[in-house]
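Visitor: Dropping a structure here in structure tokens format, bear with me for questions.
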Amino acid sequence: MNTIEVLSGIGDKGPACMRLCVEGKTWLLDCGFGPEANAHFDPAWLVGADAVFITHDHIDHIGGAAYAVEAGLPIYATAQTAQALPPAAEVRLLPEQGAVLIDGIRLTTGRNGHALGGIWMHFDIGAGLFYSGDWSEESNWFAFDPPPAAATAILDCSYQLDPVAQRERFAALDQLIDQLPGQILLPVPPSGRAGEMALHLVQRFGVEAVILDPECRAALTAALARGGLSPRAQEIAPLLQRGDLEQARFLICDTPNADGGAAWGYVRAWRESGRLGRDAHVIFTGHMTAHARGICAVPGGYFQRWNVHPPLGDQIKMLRRLGAKRFAPAFCISPEDYLVEEGLGAEVFMHESIPL
């Protein structure tokens with residue numbers, strides 16, 4: 001019997017890992033770690049697995065890949081995502097847009113609107129299985145490709161029942177920025193929000209107001225060279241020529257929770273100099289780990305969500321586009337809320353193994 005089971009990633013914003021059993025094969029869809037420091041990948045999930053498929057290179061989807069490499073498993077990923085895998089990985093490349101036949105199963109992929117090289121996956125099994133990984137249809141930077149129909153879906157519901165659209169997020173962020181004097185640090189994943197945040201700020205304040213740290217600059221330079229982004233993405237090209245030490249009002253830096261990289265360096269320096277909360281500020285825009293929450297607990301730290309996952313309206317639109325009969329609301333803390341939500345048009349499943 002062909003089945004799908006959510007091993008991890010439902011009931012919390014934890015490591016993504018799904019088990020797909022099809023035609024005698026066992027495939028893991030994503031093998032994440034975190035995003036919280038104590039949310040580990042469980043090597044036991046690999047027992048009996050024949051291969052691993054990874055949607056994108058964010059740690060909660062790829063962070064356990066070293067275990068798959070150690071187990072000698074082939075890893076299916078796009079060329080961009082494969083760059084984040086351990087050097088010894090046995091990589092089997094997937095297209096960002098297209099279809100491949102793997103052990104007799106047709107797998108269709110499309111760009112997920114969320115990360116460089118990030119994809120959703122559609123398996124031609126039964127009436128169709130769709131796994132979104134993380135996805136967004138609101139980005140002005142990333143491209144998104146609509147998927148084909150599927151009766152069963154595992155959907156990114158990171159924002160749960162939050163209905164707020166990106167245009168409202170932009171307005172709230174702009175209002176906060178306009179109230180803060182001095183420099184503003186925006187911690188981001190280089191392959192995630194860095195490009196679209198740079199695009200928004202450059203369009204509003206101009207190139208001279210923004211700098212990128214080396215990690216973000218390298219990621220975005222490579223992304224523009226590869227193509228496949230929104231047509232508006234090229235508007236940030238002049239920003240990529242700016243040096244590391246130039247002063248600017250907005251600093252877009254790795255890491256997303258300011259627990260490493262240039263972002264943590266700025267926060268630490270601003271704390272020590274007394275600037276944090278006076279003429280230097282940090283705005284977090286994504287999932288908040290304990291480290292980020294600690295920074296926001298003192299003057300100078302703020303949170304203002306930037307949609308990189310689908311709000312409720314887009315979740316419902318996706319279910320209708322797929323013609324889904326059942327779905328798992330993944331990556332949210334209280335999936336049981338979907339059991340009483342009206343208008344979904346599909347049944348909810350959680351941890352049980354579902355026949356396809």
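The values are calculated or read from the model by the stated rules, or taken from the named source; none is laboratory data. Remember, it's a predicted structure, so these values are computed and weren't measured experimentally. Backbone-built Cβ (ideal geometry, glycine too); neighbour counts: all protein chains shown. In case anyone asks, the SASA skips ligands and DNA or RNA and just uses the protein heavy atoms, side chains included. Shrake-Rupley method; radii C 1.70, N 1.55, O 1.52, S 1.80 Å.
Visitor: Any residue that is assigned to a strand (DSSP E or B), over 18 Å from the mean Cα position of the chain (by Cα), under 30 Å from Leu116 (Cβ atoms) and not aliphatic (A, V, I, L, M) - is there at least one of those in region 293-301?
Guide: yes
Visitor: For region 165-214, name all the residues that are part of a loop (DSSP other than H, G, I, E, B) and open to solvent by 40 Å² or more (accessible area, probe 1.4 Å).
Guide: Pro181
Visitor: Being under 22 Å from Ala219 (Cα atoms) and surrounded by fewer than 20 Cβ atoms within 10 Å (Cβ to Cβ) is true for just one of Val47, Val100, Val91. Which residue is that?
Guide: Among Val47, Val100, Val91, only Val91 is under 22 Å from Ala219 (Cα atoms) and surrounded by fewer than 20 Cβ atoms within 10 Å (Cβ to Cβ).
Visitor: Based on what the data block shows, is Gly265 more than 24 Å from Trp135 (Cα to Cα) and either in contact (Cβ under 8 Å) with a residue 40 or more places away in the chain or assigned to a helix (DSSP H, G or I) (or both)?
Guide: Values: more than 24 Å from Trp135 (Cα to Cα): yes; either in contact (Cβ under 8 Å) with a residue 40 or more places away in the chain or assigned to a helix (DSSP H, G or I) (or both): yes.
So Gly265 fits the description; yes.
Visitor: Out of the residues in region 125-155 that are of a type in the set (Asp, Glu) and touching a strand residue (DSSP E or B) at 6+ places or on another chain (Cβ under 6 Å), which is nearest to Glu235 (Cα to Cα)?
Guide: So the residue we want is Glu137.
Visitor: Looking only at region 325-356, filter to residues that are part of a loop (DSSP other than H, G, I, E, B), open to solvent by less than 20 Å² (accessible area, probe 1.4 Å) and of a type outside the set (A, V, I, L, M); which one of those is farthest from Ser132 (Cα to Cα)?
Guide: Per the criteria, the residue is Phe349.
Visitor: Please find, among Gly300, Gly286, Gly294, Gly274, the residue that is touching a His at 6+ places or on another chain (Cβ under 6 Å) and under 27 Å from Phe250 (Cβ atoms).
Guide: It is Gly300.
Visitor: I've got another one for you. Collect the residues in region 269-291 that are touching a Gly at 6+ places or on another chain (Cβ under 8 Å), small (Gly, Ala, Ser) and not in a strand (DSSP E or B), keeping them in residue-number order.
Guide: Gly277, Gly286, listed by residue number.
Visitor: So the check is Cβ under 7 Å with 6+ separation or different chains; which pairs have a first residue in region 297-312 that's surrounded by fewer than 18 Cβ atoms within 10 Å (Cβ to Cβ) and a second one that's among the aliphatic types (A, V, I, L, M) and modelled with pLDDT under 95?
Guide: Phe303/Met288
Visitor: For region 302-324, which positions are among the hydrophobic types (A, V, I, L, M, F, W, C), closer than 28 Å to Glu36 by Cβ and in a helix (DSSP H, G or I)?
Guide: Answer for region 302-324, where residues must be among the hydrophobic types (A, V, I, L, M, F, W, C), closer than 28 Å to Glu36 by Cβ and in a helix (DSSP H, G or I): Leu312, Met318.
Visitor: Whether any residue in region 3-18 is buried (at least 19 other Cβ atoms within 10 Å of the Cβ) and charged (D, E, K, R) is what I want to check.
Guide: Yes; the residues of region 3-18 include at least one that is buried (at least 19 other Cβ atoms within 10 Å of the Cβ) and charged (D, E, K, R).
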